[in-house]
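Student: One structure coming up, written as structure tokens, with questions to follow.
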Amino acid sequence: MATRFQFIEKVNVRTHEAGGALGNLMVDAFHLIALFAIGATIVWAAVFSFLGMVERGSASIQDILLLFIYLELGAMVGIYFKTNHMPVRFLIYVAMTALTRLLFGFIGVEHEMDTRILIVSGAILLLAVAVLVIRYGSNRFPVVDEFAASDK
């Protein structure tokens, strides 16, 4: 009777191991497919933005900043693809670039001082301080990879 329960327990353990392996495979496959889709979308959007600039025969500072946003998003996807870690700093850089683009839009349309200009400038400054805090924190308190530490 005890051997029958041991057999059932072994089958149960093997089933959980197989389910975990299959689940990990599916999650990894989804990550890869999603990263390729996001990367392709970024490239597609950047190419069409660039072609629009070529068609117009000129590029404004806002157009150039938009290309920088695409570049930062592409770098973020590339870093995530290589390391499996989302670089939060790049999201902040994208936000700073988008706000700078908005700021140039305000200045280009209205050539006078406005509270919106101060608010956007303050937001950019706040994001720059956030990057400083994140960089200081990551240098001062580095992340210990639990999986790599357990392999040693």
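Student: Could you check, for the stretch 44-54, whether at least one of its residues is polar (S, T, N, Q), assigned to a helix (DSSP H, G or I) and in contact (Cβ under 8 Å) with a residue 40 or more places away in the chain? So that I can check it myself, show each step before the final result.
Tutor: So in the stretch 44-54, the residues polar (S, T, N, Q) come out as 49.
With the extra rule that they be assigned to a helix (DSSP H, G or I), the set shrinks to 49.
Filter once more, keeping what is in contact (Cβ under 8 Å) with a residue 40 or more places away in the chain: none.
No: the stretch 44-54 contains no residue that is polar (S, T, N, Q), assigned to a helix (DSSP H, G or I) and in contact (Cβ under 8 Å) with a residue 40 or more places away in the chain.
Student: Taking only the stretch 76-99 into account, find how many residues are of a type in the set (V, I, T) and touching a Gly at 6+ places or on another chain (Cβ under 8 Å). Can you show your working first?
Tutor: At the first step, the residues of the stretch 76-99 found to be of a type in the set (V, I, T) are 77, 79, 83, 88, 92, 94, 97.
Filter once more, so that each one left must be touching a Gly at 6+ places or on another chain (Cβ under 8 Å): 77.
Final tally of qualifying residues: 1.
Residue-wise test of (1) over 25 Å from I61 (Cα atoms); (2) modelled with pLDDT of 85 or more.
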| position | (1), (2) |
| --- | --- |
| M113 | no, no |
| L118 | no, yes |
| V131 | no, yes |
| N139 | yes, yes |
| D151 | yes, no |
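Student: Sticking with this one: Tell me yes or no: at least one residue of the stretch 13-29 is modelled with pLDDT under 95, under 15 Å from Y70 (Cα atoms) and within 26 Å of the chain's Cα centre (by Cα). If you could, list the steps in order and put the result at the bottom.
Tutor: Applying the first criterion (modelled with pLDDT under 95) to the stretch 13-29 yields 13-29.
Filter again for under 15 Å from Y70 (Cα atoms), leaving none.
Scanning the stretch 13-29, I find no residue that is modelled with pLDDT under 95, under 15 Å from Y70 (Cα atoms) and within 26 Å of the chain's Cα centre (by Cα), so the answer is no.
Student: Here is a follow-up. Surrounded by 12 or more Cβ atoms within 10 Å (Cβ to Cβ) and out of contact with any Pro (no Cβ under 8 Å at 6 or more places or on another chain): which single residue out of A37, A59 fits that description?
Tutor: Details: A37 fails: surrounded by 12 or more Cβ atoms within 10 Å (Cβ to Cβ).
Every option except A59 fails the conditions.
Student: Within the stretch 55-93, restricting attention to residues that are among the polar types (S, T, N, Q) and assigned to a helix (DSSP H, G or I), which residue is nearest to D28 (Cα to Cα)? Give the derivation first.
Tutor: Let us first name the residues in the stretch 55-93 that are among the polar types (S, T, N, Q), namely 58, 60, 62, 83-84.
This time we only want the ones that are assigned to a helix (DSSP H, G or I), so: 62, 83.
On the way: Q62: 37, T83: 13 Å.
The extreme case among them is T83.
Student: Also, quick follow-up: Looking at (1) closer than 25 Å to L32 by Cα; (2) modelled with pLDDT of 90 or more; (3) aromatic (F, W, Y), which is the only condition F81 fails?
Tutor: (2)
Student: Six or more apart or on different chains, Cβ under 7 Å: which pairs go from a residue in the stretch 95-110 that's closer than 11 Å to I69 by Cβ to one that's polar (S, T, N, Q)? Could you list them?
Tutor: R101/Q62
Student: Take I42 and decide whether it is in contact with a Gly (Cβ under 6 Å, 6 or more places away or on another chain) and surrounded by 10 or more Cβ atoms within 10 Å (Cβ to Cβ). Before the answer, list the steps.
Tutor: Values: in contact with a Gly (Cβ under 6 Å, 6 or more places away or on another chain): yes; surrounded by 10 or more Cβ atoms within 10 Å (Cβ to Cβ): yes.
Here the answer is yes, as I42 does meet what is asked.
Student: Of the residues in the stretch 71-98, how many are over 15 Å from A130 (Cα atoms), of a type outside the set (D, E, K, R) and crowded, with 19+ Cβ neighbours inside 10 Å?
Tutor: Matching residues across the stretch 71-98 total 3.
The values are calculated or read from the model by the stated rules, or taken from the named source; none is laboratory data. For clarity, every value in this text was computed on a predicted model and none was experimentally measured. A quick note on method: Cβ atoms are made from the backbone with ideal geometry, for glycine too, and the neighbour counts reach across all protein chains shown.
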